[in-house]
Every structure is written in C-alpha cells, then in structure tokens.
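Trainee: This is the structure I have questions about; it appears just below.
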Amino acid sequence: GARRWSRALGVLLPPLLRGGAAFEAVPCNATTLDCGQAFFQEVYEQFQTAQQEVVIMPFFVMPDLKLFSSQRGGVSDTTLKDLIVQAVARRVHVWLLGWDNAASEKFLPFHQDHVYEGLFKAVGHNHHYLHLMLDTSRNFVASLYYLPHIKSYTFDRKVAYVGGLDFAENRLDTPQHVRPDPRFVQVAVDANHMSGNEKPWQDAMIRLDGPAAEHVASVLIERWWTYCHSEGYLRAQATRPLDAMTDALWGVAKSFSASKWKNYQCSTLPAPGQLGIFRVSIIAGSAPKRPYKLLVKVPEVQSTGLDQVAADAFAVLAGEARSVSVDGLRALDRMLPRALEFTIDGQLHAAGATEDLVVNLPGGDRLFARWLPNGIEPFAGDASVQTCEVVLSGDRDWMGVSAPMTETYDEHIRMIREAKRFIFIENQYFSTDFPSTSHECSNGNMRGAVLYSGATNRVGEVLLDRIKRAGRSNEQFSVAVVIPLGTEPGSFYPNLRGAYCFEQAVENYWTETGLKSNWRDYFSFFFIANAVPVPKNLGGPGAGFYGIFLHTKMIVVDDEAALIGSGNINDRSLNGDRDAEVGVKVVGGSYPRRLREHILRDHTGNSRIDASRLAASMNAIAYANAAALCDSMGVCFPKGTYTKDGVTRHLFGLQGVVKVPTMEFDAMKYPDSRIVAGGGGADTFKWFVVQGVQAPRLHGILFPWSREIWGLPKMTQVTQMFSSEFNWRRLGDRQAANESVQGHALFV
C-alpha cells in the first residue's frame, strides 16, 4: 500500500519529488535518419566539414570497425579512427566521453582502456586535439551496474544527432534489412553467421540544429567538468594499478596496457557553452560621445562545486550597438534566469528577456538592453514555431546533478495523457507496471513480488487507462506499439511478460465490460521481420525468415509531439536514479508527423497509413504480410506456427531453459528460436530456411504480434540472474511448467 501510494505521487507530482529541468524548448529544424547507413553517411560528411569541435557521447565505440563509406551508398571503407585522425590533423578538437564500470570489462566484456589507447597512439603528436574520458561515476564508490546509456553527437555545436545508434558492430543497416548485403560488415559464413552479415538492427536518430545542438553539447561539457572535479575521478586515478591487476585476474584481455591517455583526461576541459546573448545599444544624446564600461555577470547556473566563468567586461560607445555572447557552465538541472545582471559605469541593472530595459544616462544618452536566453528572440505563443527540447534522465553518478532527473519518464506520461487521436510507440522495451485482473498476470501468485520483473514505472498503467477511456467513450483513438520479436536474454523476460500481460489486459477489459468494438482497432502490438531468397551456398535454395532486432526509442502523439532518444520503456531509463539518458522532444511544426511517416513508410514498403485509424491501418498491412509469409513458407503469424506436409507445429521453442519439459513439436529449439527472432548476440545471425520455396512478396517488414507467439514467461530464477535466461509457460501448458519450477523460482 505505502509503496504504491509513493509511486502514484511520483507520477502526480513529479516536480516536487524529482530533479529540475535544465533546457528550454527552442526553435529548431529536425530530420529523421532511419537506420545506420543514413546516420553513418551523415557522420562521415560532418567530420569532413567540422571546423572546431566534434563531440562524441556513445554507449559503445569500436573505432577500428569499417562503418563509413567514402562514397554515398558504397561499400564501407572507413573507420571512426580514420575520421578522428583526419580531424585532429586539421586541428579540430575531438571530445570522446565514454563510461566504465565493473560490468563493462568483466561481464560484457568491453575493455575500453585498450580501445582508447589505440586512438591515442593513432593521432601521434596531435594527441592534444584528441580528448578522451572514461566516466566512472562521480561518487567515491564506483557504479557497478548502471551506466550512461547516451548516444548523442554534435559538430561545431551547430548540428546534433540524438537517438539509439553508436559506433559498434551491426549498427550499419538499411530500413529494408536485407540479408546478405555486401555493403555491410562482413564476417565468415558459419553456423552463427548464416548470411555472412551480422544481425539486422533497426534504429533511428534525430538531427537537429540551432540552440538545441548547443544544449546537446552542454551535456558533455557539464559531465566532463563535474567528473574532473569529483571524488570519482580521484578514485579512478588512484586505483589504476589495482584495477589492472583485478582485470588481469578476471581474465580481461590487455589489462596491463599502458593507457597513457588517462594522464590527459582532465588536463584540458571543454569550453563553456553559450548561455545567451546580451544585446545593448546606446542612443547618443546632445553631449559629446563617450565610451561606457559594461560588466556582465554570468548567471550562476553551474553545477555545485564548480566556479562560474568570470564576468565579461567590454566598452560601448554612445551611438553604438553590440551583441555579446554570454558563455558559462550550466548544470543539467538548472534553467537559465529570465533576467541578466550587468553594471554600467559601476551601477547595477537587470535586463529582462521580454522587453528592452531603458536606462537614462548622463548627457541625454539612453541605454537599451535585452537579455536573450539561448541567444534567441522570444517566441512564446507562436503556434507556428517548431521547438526542440533536450530531455534528460540521470542522477549525480553520471550527470552531476543534485537530484535524480526523470524528464524522459515525465514526458512519456504527459504525452500519453494528452493524446487525443493516436499514440505511436516504437521501443526496444515494454517493461512497465499496470493492473491486471487475470491471476497469471497479477501479483497474487508472485508471493508479493511487483508485477513485470520488478518494474515500477507506470507508463503502462497510464497507457492502459487512456485506451480504456477511449473504448468506453467510443472515441476514434488508437495506440500502435512496435516491439522486437526477440531480444537478447537480458531483456527477453521483462519484454515478453510485459507485452503478454498488457495485450491480455486490453482484451479482458473489452470482454468484461461488453464493449462491441474491436479492441485491436484501439490497441495492437507489432514486430518487424523479413523473408528473403536463400541461395544454395548459404543453405538454400529456398526462403529464409528472420526477425529484425528493434532498438528504436520513440513516441509520436497526434502528429503534434514526438520524443526520440536513448531512453527505453523500463525502469533503468525512466526512474532517474539508474542509467543516464538523452532525448529530444519536438512540438509543433511538421517533424512529429514526418518522423512517424518516415518510420512507417520504411516499415510498410511505402504503403499508405491512415493516421485517423492508425492501429487498424497498420494491422491491414501487417496481416497481409503475415498471410503472404504463411502461404509461401508455412510460417504463420500472429499464431506463431509452422506448417509443413500438413503438420502444424509451434514455431519458436523455449525448451531447455532451466527445467521446462521439452516440447518435441517446436520447429525451432531454444536458443536458436530466440536468435532467429532477432535476439542473438550483437553479431549473431541465423535464419529459418524452408527449402524449395519462393520468398514471399511483402509490403515492407511489418507483422502482427500476439501473445501466442511465445507464451507467458513466469518467473526469473536465482540461477538465471547471471545467465539472464528465464522460465516460461506456454498457452495451455501452464500447469506443467508451474510444477517444473516449484521450489526453485524467485521473482526479481
């Protein structure tokens, strides 16, 4: 009871319980980059034209991987290391802010010290233009499990990219996700790489410009400054020899590499960003013209423990007008003031942001002053202006803020509650808390455990409430959610349980209340997959089916507001005291509509989607694709079955997971089932090949999801906490599965 009330208050009164926002909504231009090929091409071109600075905040970075093409649409022939070496040779400063915790080296494994040392050596005597940092958190006790999940990049603080893509492994892909493809990263054909490519990867980035790009760069600036002034940095430097020894004992490769670059992490700090513009003019009176000495006080909005930049002093001659950039540090949880203090000839004044301050000076001179936060003219109330707002999640560990920030969470809740016509969500996760009336999805059989793998965020509850209200009122309203068909083991359990129980909750509500409408017109899950010809040398001739791993994190509401970034629908991304995230909310203008249309155009093969009946319109295409796949290959969705020679079997097996009884009639055994569905390791790719058949003619890659495809996962095992696997119950076989885990299950 008390815990649920505290969570309720957390949604109802977020400003009172959570950290403040830093960045204002500002006018912007925005475009969408769907999948890695388009993104990497733009990054390549931005590196060629960067004049002063490149900011890189990745989740993963593999500098020696050929992800970039020197010819648009060509084969990848350039690495990130190549681009960095070329940039610093032109004296462009490159700032690369990564992260490090125990999991990164000992569990993933991902030994970034050696990767960074390779970059440091590659630039040679130009290393003073390459700035490398591994953020280990700002607290004396290092973070063991949580991390900055950010994927954001800026060029000259004029153009920024925010979303889910970083510079690693299989991120290079197109929206069609065809395998094999010679343009992508090539690997030897074997049992784990059946097409010679890595697994398909669906993702999206937003490109934005103007002050919002400066805001994205400010995230790196403030993180760099606060880390260099933290006990976390002192701890990391002091324990370097010990860390190397423990890594070696753990078996981490190249643990004793020199890591000379670490000696320079805080030797140079990124230049403070622009906070705004101070605009001043002096109209001359009858007296002889004279200069006036002005001193602008930089707003005290820096993080606790940092000194703000010194005040700017300059002179203005009577009859002259000047615009002065006010630069300074800016904490990630503090907004700019609406007035700027300055002195003229020693007298203190404050210039406002909405109208000119007028000061009468000696001799009839008159001063006019205006403070322009973020360097822009006031635009409030102009509905034609498209705005971008950088939204954050995180706490002191990774962001240097005084209290956890939950802007990603708050915006999801706000956008869902305010939706009038439709909600379109595409996300890697659907791990969230909501009420359920069924025994299998309620907490009643979980011995007090919280529903959905411990998730406490209430995105699902608010979404379910909105769907119920629309059904009761017979509104023309729908929700469409695209999720992965399969994910890596760590997210498999919470995703499947959350999706299964949410779909069931919607259907049960329609049944229990006697609503006559079709619940699928109000809500539907979808997944993306493909079916392609398989040549003889790759296991054919025949056709191959495979799921596409979906990594996008976006929501569009009514084509009026959109949020895209790095934040998943799970507690790690939303709760604020775990992972750090960066996203961009766009309101007004055409971008929200163009984002939705762009993604759905690529998913549906340029088919027309009727936004006024979004779920039904998407279902029409998804079910047509499913019928074509079923007719040609015998692989049938949304039932999740495979028919051959008149015998129908379940397609995806989960046998062999802990002590679940083997199901002999599954077409694919576990873990191949998960891998074919798109949930293999980062580079693993397998397809389900049907010999002697033609690949279907599909309209894109969209298919209908249902809870019959996998069944219902029940509980996480103690022994699975490290293997990340899960126990499960298939529809109709729940009692047997329940008996198989009795005495061994622990819900976490």
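Trainee: So which residues in the range 326-358 are closer than 14 Å to PRO378 by Cβ, among the acidic types (Asp, Glu) and in contact with a strand residue (DSSP E or B) (Cβ under 7 Å, 6 or more places away or on another chain)?
Mentor: Result: ASP356, single match.
Trainee: Another one. What helices (runs of 4 or more DSSP H), lying completely within the range 497-614, carry at least 1 residues that are in contact with a helix residue (DSSP H, G or I) (Cβ under 6 Å, 6 or more places away or on another chain) and of a type in the set (Asp, Glu)?
Mentor: In the range 497-614, the matching helices (runs of 4 or more DSSP H) lie at 519-522.
Trainee: Starting from the range 178-200, take each residue that is open to solvent by 60 Å² or more (accessible area, probe 1.4 Å) and list its partners that are hydroxyl-bearing (Ser, Thr, Tyr), counting only C-beta distances under 6 angstrom and pairs at least six apart or across chains.
Mentor: Going by the 6 Å Cβ cut-off, the qualifying pairs are ASN192/THR684.
Trainee: While we're here: Cβ-Cβ below 7 Å, separation at least six or inter-chain, first residue in the range 513-542 and under 29 Å from GLN428 (Cα atoms), second at pLDDT below 95 and buried (at least 18 other Cβ atoms within 10 Å of the Cβ): which pairs?
Mentor: As it stands, the answer is PHE525/ALA499, since those pairs meet every condition given.
Trainee: Pairs please, first residue from the range 680-691 and aromatic (Phe, Trp, Tyr), second anywhere and open to solvent by 20 Å² or more (accessible area, probe 1.4 Å) and assigned to a strand (DSSP E or B), Cβ atoms under 9 Å, 6+ apart in sequence or on different chains.
Mentor: PHE685/HIS193
Trainee: Name every residue in the range 142-201 that is touching a His at 6+ places or on another chain (Cβ under 7 Å) and closer than 28 Å to GLU597 by Cα, in order of residue number.
Mentor: Of everything in the range 142-201, those that are touching a His at 6+ places or on another chain (Cβ under 7 Å) and closer than 28 Å to GLU597 by Cα turn out to be GLY164, PRO200, TRP201.
Trainee: Confirm whether ALA122 is part of a helix (DSSP H, G or I), among the hydrophobic types (A, V, I, L, M, F, W, C), more than 20 Å from the chain's Cα centre (by Cα) and modelled with pLDDT of 95 or more.
Mentor: Yes: the conditions hold for ALA122.
Trainee: Still on this structure, please answer the following. Kindly indicate which of LYS659, LYS714 is over 30 Å from ALA624 (Cα atoms) and modelled with pLDDT under 50.
Mentor: Matching residue, one of LYS659, LYS714: LYS659.
Trainee: If you don't mind, another one. Which members of the range 561-572 meet the condition of being over 13 Å from LYS151 (Cα atoms), buried (at least 24 other Cβ atoms within 10 Å of the Cβ) and modelled with pLDDT of 95 or more?
Mentor: ALA562, LEU563, ILE569
Trainee: Of the residues in the range 594-642, how many are of a type in the set (Val, Ile, Thr) and surrounded by fewer than 16 Cβ atoms within 10 Å (Cβ to Cβ)?
Mentor: Qualifying residue count, the range 594-642: 0.
Trainee: Tell me, yes or no, whether the range 80-103 has at least one residue that is surrounded by fewer than 16 Cβ atoms within 10 Å (Cβ to Cβ), modelled with pLDDT under 95 and not in a helix (DSSP H, G or I).
Mentor: No: zero hits.
Trainee: Considering every residue within the range 459-473, establish whether at least one is open to solvent by 20 Å² or more (accessible area, probe 1.4 Å) and either closer than 22 Å to LEU712 by Cα or modelled with pLDDT under 95 (or both).
Mentor: Yes: the range 459-473 contains one or more residues that are open to solvent by 20 Å² or more (accessible area, probe 1.4 Å) and either closer than 22 Å to LEU712 by Cα or modelled with pLDDT under 95 (or both).
Trainee: Take the conditions on the phi > 0 side of the Ramachandran plot, buried (at least 20 other Cβ atoms within 10 Å of the Cβ) and not acidic (Asp, Glu) and apply them to GLY400. Does it pass?
Mentor: yes
Trainee: Then there is this: Scan the range 285-304 for residues that are in a loop (DSSP other than H, G, I, E, B), under 15 Å from ALA321 (Cα atoms) and open to solvent by less than 40 Å² (accessible area, probe 1.4 Å) and jot them down.
Mentor: GLY285
Trainee: Only residues that are of a type in the set (Val, Ile, Thr) and open to solvent by 10 Å² or more (accessible area, probe 1.4 Å): list them for the range 502-531, please.
Mentor: THR511, THR513
Trainee: Also, I was wondering about something else. Mind checking whether some residue in the range 489-501 is free of Cβ contacts under 8 Å to residues at least 24 places away in the same chain and open to solvent by 40 Å² or more (accessible area, probe 1.4 Å)?
Mentor: no
Trainee: Taking into account only those residues within the range 104-119 that are in contact with a helix residue (DSSP H, G or I) (Cβ under 7 Å, 6 or more places away or on another chain) and in a loop (DSSP other than H, G, I, E, B), which is modelled with the lowest pLDDT?
Mentor: PHE110
Trainee: Shifting gears a bit: Return the residue satisfying two criteria in turn: it lies in the range 306-352 and is part of a loop (DSSP other than H, G, I, E, B) and among the acidic types (Asp, Glu), and of such residues it is surrounded by the fewest Cβ atoms within 10 Å (Cβ to Cβ).
Mentor: Filtering first and then ranking leaves ASP307.
Trainee: Further, regarding this structure: For the range 186-227: of the residues being assigned to a loop (DSSP other than H, G, I, E, B) and among the β-branched types (Val, Ile, Thr), which is farthest from GLY98 (Cα to Cα)?
Mentor: VAL189
Trainee: Got a number for residues in the range 32-64 being closer than 20 Å to GLN86 by Cα, open to solvent by less than 40 Å² (accessible area, probe 1.4 Å) and among the polar types (S, T, N, Q)?
Mentor: So the answer is 2.
Trainee: Something else about it: Please go through the range 247-268 and give me each residue that is surrounded by 15 or more Cβ atoms within 10 Å (Cβ to Cβ) and modelled with pLDDT of 90 or more, ordered by number.
Mentor: Of everything in the range 247-268, those that are surrounded by 15 or more Cβ atoms within 10 Å (Cβ to Cβ) and modelled with pLDDT of 90 or more turn out to be TRP261, LYS262, TYR264, GLN265, CYS266.
Trainee: Here's a follow-up. What's the number of the condition GLY19 fails, among (1) modelled with pLDDT under 95; (2) surrounded by fewer than 21 Cβ atoms within 10 Å (Cβ to Cβ)?
Mentor: (2)
Trainee: Now for a separate question. Within the range 398-419, can one find any residue that is part of a loop (DSSP other than H, G, I, E, B), in contact (Cβ under 8 Å) with a residue 24 or more places away in the chain and within 30 Å of ILE528 (Cα to Cα)?
Mentor: For the range 398-419, residues part of a loop (DSSP other than H, G, I, E, B), in contact (Cβ under 8 Å) with a residue 24 or more places away in the chain and within 30 Å of ILE528 (Cα to Cα): present.
The values are calculated or read from the model by the stated rules, or taken from the named source; none is laboratory data. Computed from a prediction, not measured in an experiment: that's the story for all the values here. All Cβ positions, even for glycine, are placed from backbone atoms using ideal geometry, and neighbour counts span all protein chains on display. Surface accessibility is based on the protein's heavy atoms, side chains included, excluding ligands, DNA and RNA. Shrake-Rupley method; radii C 1.70, N 1.55, O 1.52, S 1.80 Å.
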